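Participant: Here you go, one structure.
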Amino acid sequence: MARRADAARNAESLISAARELFDEQGSDVALDDIARRAGVGNATLYRHFPTRGDLLVAVYAEEVAELCEQGQALLHAPSAADALFNWLDRFVVHVATKRALAMGATDSRRAELFDRWHESMRSAASGLLLRAQQEGAVRSDLDVADLLALTSAAAMTGAEAGHAQRLLRILRHGLQV
């Protein structure tokens, strides 16, 4: 039983160290540095996370769940338009700062997980979009696929998260003065 507790503690230490280093240096940080910061050896890192992609997924899984939970909570916000764009702002930052994760679905196991995450995010966005449409706050001919494609495009082409947020504001308010 003690080995299981140690293994869980090591995995959490690795995820925490990876999250910190990804935030500081980007997702290309050396895996040796992650193991060192977590206070474990390389073998322990590879035993828990055989590939960089596996580690990326573990690091960001919690964040995806939080993003979807925020979408559900925002369904009850007073302004449907503000709720939609508040969530999209969080979504654009998530995508802009997790480009390596977005591009990392290379094996079938991770691709399946990404599909579940994307469906959860589509569901969160759909509820917010529908509510905003029902209140007449956004175009009625907009569908969730268009909305997420435009938002993802802003996230992926923005120079950094702040720029992606600016592009989202332009999308919200249009190009007209």
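The values are calculated or read from the model by the stated rules, or taken from the named source; none is laboratory data. Quick caveat, the model's predicted, so the values are computed rather than measured. Glycine gets a Cβ as well: all are built from the backbone with ideal geometry, and neighbour counts include every protein chain shown. The protein model used for the area step is the full one, side chains on, heavy atoms only, and it has no ligands, DNA or RNA in it. Shrake-Rupley method; radii C 1.70, N 1.55, O 1.52, S 1.80 Å.
Participant: Can you name every residue in the stretch 81-100 that is closer than 10 Å to Leu67 by Cβ, at pLDDT 95 or above and open to solvent by 20 Å² or more (accessible area, probe 1.4 Å)?
Facilitator: The answer is Arg90, and nothing else.
Participant: Step by step: first the residues of the stretch 119-147, then only those that are part of a helix (DSSP H, G or I) and of a type in the set (D, E, K, R), then the one that is farthest from Val95 (Cα to Cα). Which residue is that?
Facilitator: Arg131
Participant: Taking the criterion of being out of contact with any strand residue (DSSP E or B) (no Cβ under 6 Å at 6 or more places or on another chain), of a type outside the set (A, V, I, L, M), open to solvent by less than 40 Å² (accessible area, probe 1.4 Å) and under 21 Å from His94 (Cβ atoms), would at least one residue in the stretch 13-23 satisfy it?
Facilitator: Scanning the stretch 13-23 turns up at least one residue that is out of contact with any strand residue (DSSP E or B) (no Cβ under 6 Å at 6 or more places or on another chain), of a type outside the set (A, V, I, L, M), open to solvent by less than 40 Å² (accessible area, probe 1.4 Å) and under 21 Å from His94 (Cβ atoms).
Participant: Considering only residues that are in contact with a helix residue (DSSP H, G or I) (Cβ under 6 Å, 6 or more places away or on another chain) and open to solvent by 40 Å² or more (accessible area, probe 1.4 Å), which ones fall in the stretch 139-149?
Facilitator: Scanning the stretch 139-149 gives a single hit, Ser140.
Participant: Which members of the stretch 24-33 meet the condition of being surrounded by 13 or more Cβ atoms within 10 Å (Cβ to Cβ) and within 12 Å of Leu56 (Cα to Cα)?
Facilitator: Just the residues of the stretch 24-33 that are surrounded by 13 or more Cβ atoms within 10 Å (Cβ to Cβ), to begin with: 27, 29, 31, 33.
Residues satisfying the conditions are Ser27, Val29, Leu31.
Participant: Within the stretch 117-138, which residues are free of Cβ contacts under 8 Å to residues at least 12 places away in the same chain and open to solvent by 50 Å² or more (accessible area, probe 1.4 Å)?
Facilitator: Pass one, the stretch 117-138, residues free of Cβ contacts under 8 Å to residues at least 12 places away in the same chain: 118-119, 130, 133, 136.
Those that are free of Cβ contacts under 8 Å to residues at least 12 places away in the same chain and open to solvent by 50 Å² or more (accessible area, probe 1.4 Å): His118, Glu119, Leu130, Gly136.
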